[in-house]
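**Student:** Here it is: the structure, laid out below.
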Amino acid sequence: MSEIFAVQLTAVATAGLAVFAIVTAWYARRAFLKQSQEVTAIEQQVKDAQELTQQQAELLRVQFEQLELQRQQLEDQRAASARQAEVLDLQADELRESLEERKREAEQQRRAQAAMVFLKQDNFAGRTGAPGVAAPPNARLTVVNSSDQPVYDAELYWRRGSAGWGEPNPEPLGMILPGGDPSRIRNFPEGTNMAVSGAILRFTDAAGVKWVRRPDGYLGEQV
């Protein structure tokens, strides 16, 4: 009986070990499968993360290229604006020069006749001596119209220093024809500074513009 029991016990033990081995293998397989699934999931996550990173990198590359294109466009626009500004400055300078030239031409045309009307003054310092020999200082003013048109309302405004002098004042000359050169003389008191005395001419040209001419050559419009 003891040998049979021993054999049976050995068989039971062997069966138990076999069952334990089967159970252990089953759990080991389940653990392996679970671990494999987890590894696969991790690999998928890593793969998804890599794809997302690549997509983000591609998006950043596209955005960079767009920004670079916009920057280049801005540079091109800035350069074009600078060139256009230079052209506009040149055109503005040319326009200003043209306008100035036209103004000068218009002014020359406006002054053309008046510039050909001259006033000449000859001073006499006076002479002392016996009656009949003595003579007061005087000034002879001669108006010369060398233009080819008459001037109108000509008059001499006589002055002693900065004040008017004598009568009539102004002294009318009326119309002066082309080539005309009327003269007038006016006496001044002894001791008069003839360097600052004499007369100025006021007249109107054929275009109706009123002018002032001085013996020193000054010509200007009446104000």
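Taken together, the values in this text are just the output of simple stated rules run on the coordinates, not laboratory data. As the structure is a computational prediction, the values presented were derived from the model and not from experiment. When we count neighbours, we look across all protein chains shown, and the Cβ atoms used for this are built from the backbone with ideal geometry, even at glycine.
**Student:** For region 189-204, what does the Karplus curve 6.51 cos²θ - 1.76 cosθ + 1.60, with θ = phi - 60°, yield as ³J(HN,Hα) per residue in whole Hz, taken in order and with x for Gly and Pro?
**Tutor:** x, 4, x, 5, 7, 6, 5, 10, 10, x, 7, 10, 9, 10, 7, 10
**Student:** Tell me which residues come under 5 Å, amide H to amide H, from residue 197 once H is placed; ignore anything under 5 positions away on its chain.
**Tutor:** Hits under the 5 Å cutoff: 161.
**Student:** By its C-alpha gyration tensor, with a ≥ b ≥ c as the square roots of the eigenvalues, how is region 28-146 shaped: rounded for a/c under 1.5, else prolate for a/b larger than b/c, else oblate?
**Tutor:** The shape class here is prolate.
**Student:** In straight Cα distance, which aspartates and glutamates are under 18 Å from residue 210, not counting same-chain residues fewer than 8 positions off?
**Tutor:** In chain and number order, the partners are 107, 148, 153, 155, 171, 221.
**Student:** Can you tell me the 0 to 90 degree angle between the C-alpha axis of helix 2-111 and the longest principal axis of the chain, rounded to 10?
**Tutor:** Helix 2-111 sits roughly 10 degrees off the main axis of the chain.
**Student:** Express the Stokes-Einstein translational diffusion coefficient of the chain in µm² s⁻¹, to the nearest whole number, given a Kirkwood radius over alpha-carbon pairs, 10 °C and a viscosity of 1.306 mPa s.
**Tutor:** My calculation gives 55 µm²/s for D.
**Student:** Additional query: Can you tell which of 174, 16, 164 shows the greatest fluctuation in a Gaussian network model of the chain with Cα springs below 10 Å?
**Tutor:** Of 174, 16, 164, the Gaussian network model singles out 16 as fluctuating most.
**Student:** While we're here: What number does region 114-221 give for Rg over Rh if you use C-alpha atoms and the Kirkwood radius?
**Tutor:** 1.02
**Student:** Quick one: which residues, 5 or more positions from residue 135 or on another chain, have an amide H under 5 Å from its amide H? H modelled 1.01 Å from N in the peptide plane, none for Pro or chain starts.
**Tutor:** Long-range HN contacts for residue 135: 127, 128.
**Student:** Have a look at 172, 203, 154 and report the one farthest towards the positive end of the charge dipole of the chain, computed about the Cα centre with Cβ charges (Lys/Arg +1, Asp/Glu -1).
**Tutor:** 172
**Student:** Still on this structure, I have one more. Show me 188-197, 109-118, 149-158 ranked by packing, highest mean number of other Cβ atoms within 10 Å first.
**Tutor:** Numbers: 188-197: 14.0, 109-118: 16.5, 149-158: 19.1.
Ranking, from highest mean packing down: 149-158, 109-118, 188-197.
**Student:** Excluding residues fewer than 8 places away in the same chain, name every one of the lysines whose C-alpha is closer than 26 Å to that of residue 34.
**Tutor:** Reachable lysines: 47.
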